1. With a 10 Å radius around each residue's Cβ, average the other Cβ atoms per peptide and rank 156-164, 11-19, highest first.
2. Strictly over 28 Å apart at the Cα level, which of LYS261/LYS378; LYS267/LYS307; LYS307/LYS415; LYS378/LYS429; LYS267/LYS378 would you flag in this model?
3. Over all alpha-carbon pairs of the chain, lay out the pair-distance distribution in 10 Å bins, whole %, shortest bin first.
4. Let me know the shape class of segment 273-397, please: from the alpha-carbon gyration tensor, a ≥ b ≥ c as square roots of the eigenvalues, rounded when a/c is under 1.5, otherwise prolate if a/b is greater than b/c, or oblate.
5. Determine, for each peptide in 227-239, 356-368, the mean count of other beta carbons within 10 angstrom over its residues, then list the peptides with the highest first.
6. In degrees, nearest 10, range 0 to 90: what is the angle between the Cα axis of helix 52-61 and the longest Cα principal axis of the chain?
7. Compute the Cα gyration tensor for segment 384-453, then decide on rounded, prolate or oblate, letting a ≥ b ≥ c be the square roots of its eigenvalues: rounded whenever a/c is under 1.5, prolate when a/b is larger than b/c in the other cases, and oblate in all that remain.
8. Extension gain GLU431-LEU387, at 0.36 nm per residue separation less the Cα-Cα distance, in nm?
Amino acid sequence: AARSAPEDTVTSSFASFIRAARPEHLSPTVRQRSKRMILDSIGVGLVGSTTRVFDIALRYCRPGVKLSPTLAAFTNGVATHSMDFDDTWHPATHPSGAVLPALLAASQMLPPNTKPNGLDFLLAFNVGLEVQGRLMHFSTEAHDIPKRFHPPSVVGTLGSAAATAKLLSLSSAQCCHALGIAASLAGAPMANAATQAKPLHVGNATRLGLEAALLAGRGMEANPLILDDIPGCSGFSAFYSVYQPKPLSAPGEHHEFLLEKQDIAFKRFPAHLGMHWVVDAALSVRNLFINYAGSFSPSLIRSIMLKIPVSKYINRPFPSSEHQARHSFQFNACAALLDGEVGLGSFSESSIHRQELRELLDKVVVEHPEDNVANFDKMYGEVALLLHSGDVLTGKCDTFYGHWRKPLSKESLLKKFRSNASHVLPEEKIEAIITLVDNLENLSDCSQLACSL
């Protein structure tokens, strides 16, 4: 038998939580919010499967006809993050993409007579979310837009391990070792943001977390104190300069899931979350400009002032690729001004290199006000048009539509899902997936969801 973790440690408390969580611990709010996340992630993954990045990953992974469970998780994770269109939480990470593909793969891997039901699947998904959120709350550094490690490559890997361990009904000791193994497989640098390598971070998180759980289930062991702060020997603290872990309380009446307290942010267009503030601000000032001039006339603009937080990897004055454009305050503000919207087509090569867009980018000036901090819960975006006439028009956004403080309506979320899924699936399959997710608790076999895709 696998050796147990020492009692009364942070790591053992997480392992016990994973093992002890039950469907009745999920409130109606948590169930509904997590089902919205699952549906959105499926849609984002479907449209993401049309990208160049996904095609490269798939051709690498599929020499034959069928992928192994871990490679299926990897490619689906890459698809989910290939356009930076997936959900975002606070502290900053992309929680669903690191967990959902692992659970879909695991559900298909299990023998027919051992398939968990839909409620088991929903519980495992929420366990994966909870582990990610709790780990990020151990560090004040994690609350700000990241500078060192891409968060889903760190907490997402452990979230995937936790979710898979729950779905596979691993023991507390095995859950502990799954977290320890996952920690050895985690981490990716922020320098690869805005490149084709960034989607690999989510693909690896979901794949390697799944592998960690599978290895733990077969008897592999790891440090049973991996989440604890041990002086002179870094465990999970290696990823954060400030790390103050606390035990996770047992699920039940004294434990409230983080998803109960804070909703998730869903993106309306495929770009880094920070772009949504400047786009909404740009659309606001564009309307003012049209009321002022009768139409949008770039020739009347002398300069464009962006007031944004300091964050080097999303401050890109002249992006030259789709992935750079998805991480450019300047590009997204100018695309919104020029077109009156930002969508899938905004990041095509022809759109990025338009002469009229380049001329607008030449007019952009950036300021970093002290009160505009690089934090998804506190930042704002402001776009001011300084006209040749001397007039100044200003648009500001402190909470975009889709933020956890201003959630997408059911109608908006379904519209996004149907639009994304329509790039791959016929209408009848799209509606069937919506029904399956909406009734996930009632599925007798959770692998039905994976089989529907």
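The values are calculated or read from the model by the stated rules, or taken from the named source; none is laboratory data. What you see is a predicted model; the values in this text were computed from it and never measured. Cβ atoms come from the backbone with ideal geometry, glycine included; neighbour counts cover every protein chain shown. Ligands, DNA and RNA are stripped out before the accessible areas are found, and what is left, the full protein with its side chains, is counted by its heavy atoms. Shrake-Rupley method; radii C 1.70, N 1.55, O 1.52, S 1.80 Å.
1. Numbers: 156-164: 33.9, 11-19: 24.4.
Result, highest mean Cβ count within 10 Å first: 156-164, 11-19.
2. Numbers: LYS261/LYS378 17 Å; LYS267/LYS307 21 Å; LYS307/LYS415 31 Å; LYS378/LYS429 40 Å; LYS267/LYS378 17 Å.
Where the Cα-Cα span goes over 28 Å, the pairs concerned are LYS307/LYS415; LYS378/LYS429.
3. Here the calculated profile for the chain is 5, 22, 31, 24, 13, 5, 1, 0.
4. On the way: a/c = 1.64, a/b = 1.11, b/c = 1.49.
It comes out oblate by the Cα gyration axes.
5. Working: 227-239: 16.9, 356-368: 14.8.
Final packing ranking: 227-239, 356-368.
6. On a 0 to 90 degree scale, this one is about 20.
7. Working: a/c = 5.23, a/b = 2.73, b/c = 1.91.
The shape class here is prolate.
8. Working: separation 44, 0.36 × 44 = 15.84 nm, distance 4.81 nm.
Gain on stretching GLU431 to LEU387: 11.0 nm.
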